[in-house]
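A short worksheet on the structure shown next.
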Protein chains: 4
Amino acid sequence: MAHTSRNDSDLMARVKRIAGQVAAVERGLTDKAPCADILQLVAAVRGAVNGLMDEIIVEHLNEHVARPGLDDTERAAGAAELTTVIRRYSK
Amino acid sequence: MAHTSRNDSDLMARVKRIAGQVAAVERGLTDKAPCADILQLVAAVRGAVNGLMDEIIVEHLNEHVARPGLDDTERAAGAAELTTVIRRYSK
Amino acid sequence: MAHTSRNDSDLMARVKRIAGQVAAVERGLTDKAPCADILQLVAAVRGAVNGLMDEIIVEHLNEHVARPGLDDTERAAGAAELTTVIRRYSK
Amino acid sequence: MAHTSRNDSDLMARVKRIAGQVAAVERGLTDKAPCADILQLVAAVRGAVNGLMDEIIVEHLNEHVARPGLDDTERAAGAAELTTVIRRYSK
């Protein structure tokens, strides 16, 4: 199920931010920063990754299940795919 | 958004299983079982609770967003509520 | 590695609270409460279960790794068991 | 609590792998890949970040709590810091 109108600019901005946060962890290790500081940086990456995951799921919900104009078959397919995603990735 | 046809029997069976698992943790503490055994029991509760959460979200998806016969306004409201849930509880 | 002086009274109080929260979910389903309310109750169970898991890990850390009087062999064994627990249950 | 002998080479290798995985997500968005594929890439990042977090916690456990030669005060301080980390980041 490819995307035509997914809000990729917002998602891309989130990914670039995560890349920057990962670079900050790398610098922290290079500078021999204490564990607690490194952990805080890693926790920030984890939070941002969870946020990115949520937004992709929400985009999929709106694009492939809720969008007006979809027919019942398309909606059922979008809901089935979203169900698989929720069961796999929500942990 | 109350539920008329939610699959509560499946959800109730899951909740009763979780109650049984919590009772097993209680017995483990009473019997002074080692940490590793208690942790395994607690991890089983966590897994079951995550599973229960997923199924409630999936029920909401099917009942209030994907179900044929909903009009666009109902669908948008269902999607908005699900978006709030995903952002709040997926962590 | 059994426990002699684990703070089981605190852990037991947590488990009993969780049992009460699970019972609240059961009542919510019986009363046909809306998804959002049920999810909030389930999220409270999940938070309490995560908290319980943390406290068991912290107890193990203090009891089997950090406690004065342990010899190096006992400490290494406690740290090895805790390492297994962290890698398995921290997700 | 700075680190003198932390196994930074292993941690650095993990961070560089994560940076590569984040770059793969960026490429996926650029190439308009379907949600399911992007989610799989993001889930891989999340798994790797959780793994990195575990290893930093384990390093801290071995370096500042379990290591032979620490005195009781040093051990207690290491355990206190680890307790804070476990309670904050284990979710």
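Read the figures in this text as sums done on the coordinates, not as results from a lab. This structure is a prediction, so every number in the text was calculated from the model and none was measured. When we count neighbours, we look across all protein chains shown, and the Cβ atoms used for this are built from the backbone with ideal geometry, even at glycine.
Using just its DSSP H runs of length 4 or more, each adding -39500 (n - 2.57), chain A gives a mean residue ellipticity at 222 nm of -26000 deg cm²/dmol after division by all residues. If you sort the three axes of the alpha carbon gyration tensor as a ≥ b ≥ c, you get a/c of 1.5 or more for the protein assembly as shown and a/b no higher than b/c, which makes it oblate. Each copy carries a label point for B:ALA13 at 7 Å from Cα along the beta-carbon vector; from one copy to the others these points are 3.8, 4.6, 4.6 nm apart, nearest first. Relative to one another, the C-alpha centroids of the range B:1-72 and the range A:12-91 are positioned 24 Å apart.
Report, in cubic angstrom per residue, the convex hull volume of the C-alpha atoms of chain D. Don't jump to the answer; show the numbers that get you there.
On the way: hull volume 8.7 nm³, N = 91.
Normalising the Cα hull of chain D by residue number yields 96 Å³.
Distances between copies at B:ALA44, taken between label points 7 Å from Cα along the C-beta direction, are 2.6, 3.4, 4.1 nm in increasing order. Taking A:ARG17, A:ARG46, A:ARG27 in turn, the Gaussian network model of chain A (Cα-Cα springs below 10 Å) assigns the largest fluctuation to A:ARG27. Of all aspartates and glutamates in the structure, the ones whose alpha carbon falls short of 14 Å from that of D:LYS16, not counting any fewer than 8 places away in one chain, are A:GLU26, D:ASP8. Figure legend: label point modelled 7 angstrom from the Cα of B:MET12 along Cα→Cβ; residues of the range C:38-52 with amide N under 20 Å from it are C:38-42.
Roughly how crowded by other chains is peptide A:47-57, in terms of the mean Cβ count from those chains within 10 Å of each of its Cβ atoms?
On the way: counts 2, 3, 12, 6, 3, 7, 9, 7, 4, 8, 8.
Mean number of neighbouring Cβ atoms from other chains: 6.
In nanometres and ascending order, the distances from the D:ASP31 label point to those of the other copies are 3.6, 5.2, 5.2 (point 7 Å from Cα along Cα→Cβ). Per-residue mean of foreign Cβ neighbours for C:70-77 is 2 (Cβ atoms of other chains, 10 Å radius).
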